[in-house]
Amino acid sequence: MSYSLSFSKAILVVIFISDKMRQGQYEYLSTRSISEILNIPKPTLVQILKSLTVEGIIQTKEGKHGGVRLTKEPEKITILDIFNAIEKGKPLFNTSFDIHASGKRPDNAQVILQKLFGETEDNMKHMLAQKNIAQILNEMSS
């Protein structure tokens with residue numbers, strides 16, 4: 001499998017920001033506090049924040065009163081949105097088999113596996129699209 005740990009960390013970042021905003025604690029959260037509280041190294045966090053910014057999920061503001069905040073309501077941010085921001089078209093399964101056998105049976109096996117992996121990934125993305133950040137925040141409160 002080839003999805004990065006940054007995907008999981010990005011979900012936690014968005015949940016954390018959403019939760020703090022929902023509680024009315026902050027207008028902008030500092031990247032330092034996010035890094036420290038979520039135990040995400042600053043360089044990793046910077047890359048995550050860049051990806052989330054490009055996809056319009058968060059915005060950043062520099063300066064003394066700067067930091068990070070959401071650009072969308074938590075109800076409008078799905079886990080698939082975060083996935084797409086971080087993974088940018090990377091496949092879940094590596095299908096570069098590079099086997100030395102050739103012929104009908106080995107070729108068919110590769111085609112069957114590629115189809116299976118593609119369908120599995122499509123199903124996973126469908127499930128990720130069904131869950132949004134607001135739902136997670138509500139579940140956290142239960």
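All of the numbers you see were taken from the coordinates with simple rules; none came from a lab. If you're wondering where the values come from, they're calculated on a predicted model, not measured in any experiment. Please note: Cβ atoms are built from the backbone with ideal geometry, for glycine as well, and neighbour counts cover all protein chains shown.
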Check your understanding: Before we move on, is Ile37 within 19 Å of the chain's Cα centre (by Cα), surrounded by fewer than 19 Cβ atoms within 10 Å (Cβ to Cβ) and either in a helix (DSSP H, G or I) or of a type in the set (A, V, I, L, M) (or both)?
Key -> yes
Exercise for review: Could you check, for segment 131-139, whether at least one of its residues is in a loop (DSSP other than H, G, I, E, B), of a type outside the set (Val, Ile, Thr), touching a Ser or Thr at 6+ places or on another chain (Cβ under 7 Å) and more than 16 Å from Ile17 (Cβ to Cβ)?
Suggested key: yes
Practice item. Identify all residues within segment 97-142 that are touching a helix residue (DSSP H, G or I) at 6+ places or on another chain (Cβ under 7 Å) and either free of Cβ contacts under 8 Å to residues at least 12 places away in the same chain or of a type in the set (D, E, K, R) (or both); write none if there are none. Key: Ile99, Lys125, Lys131
**Study point:** In segment 16-30, the residues that are surrounded by 13 or more Cβ atoms within 10 Å (Cβ to Cβ) and either in contact with a helix residue (DSSP H, G or I) (Cβ under 6 Å, 6 or more places away or on another chain) or not β-branched (Val, Ile, Thr) (or both)
**Key:** Phe16, Ser18, Asp19, Lys20, Met21, Arg22, Tyr26, Tyr28, Leu29, Ser30
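Please go through segment 1-21 and give me each residue that is within 17 Å of Gln135 (Cα to Cα), touching a residue at least 24 places away in the same chain (Cβ under 8 Å) and hydrophobic (A, V, I, L, M, F, W, C), ordered by number. Give the steps one after another, and end with the answer.
Looking only at segment 1-21, we keep the residues that are within 17 Å of Gln135 (Cα to Cα), and these are 8, 10-21.
In the following step, the residues that additionally are touching a residue at least 24 places away in the same chain (Cβ under 8 Å) were identified as 10-15, 17-19, 21.
Across segment 1-21, the qualifying residues are Ala10, Ile11, Leu12, Val13, Val14, Ile15, Ile17, Met21.
Among the residues in segment 59-74, are any acidic (Asp, Glu), assigned to a helix (DSSP H, G or I) and either loosely packed, with under 15 Cβ neighbours inside 10 Å or in contact with a strand residue (DSSP E or B) (Cβ under 9 Å, 6 or more places away or on another chain) (or both)? Can you show your working first?
Step one: of segment 59-74, the residues acidic (Asp, Glu) are 62, 73.
From the residues that got through so far, the ones that are assigned to a helix (DSSP H, G or I) too are none.
Scanning segment 59-74, I find no residue that is acidic (Asp, Glu), assigned to a helix (DSSP H, G or I) and either loosely packed, with under 15 Cβ neighbours inside 10 Å or in contact with a strand residue (DSSP E or B) (Cβ under 9 Å, 6 or more places away or on another chain) (or both), so the answer is no.
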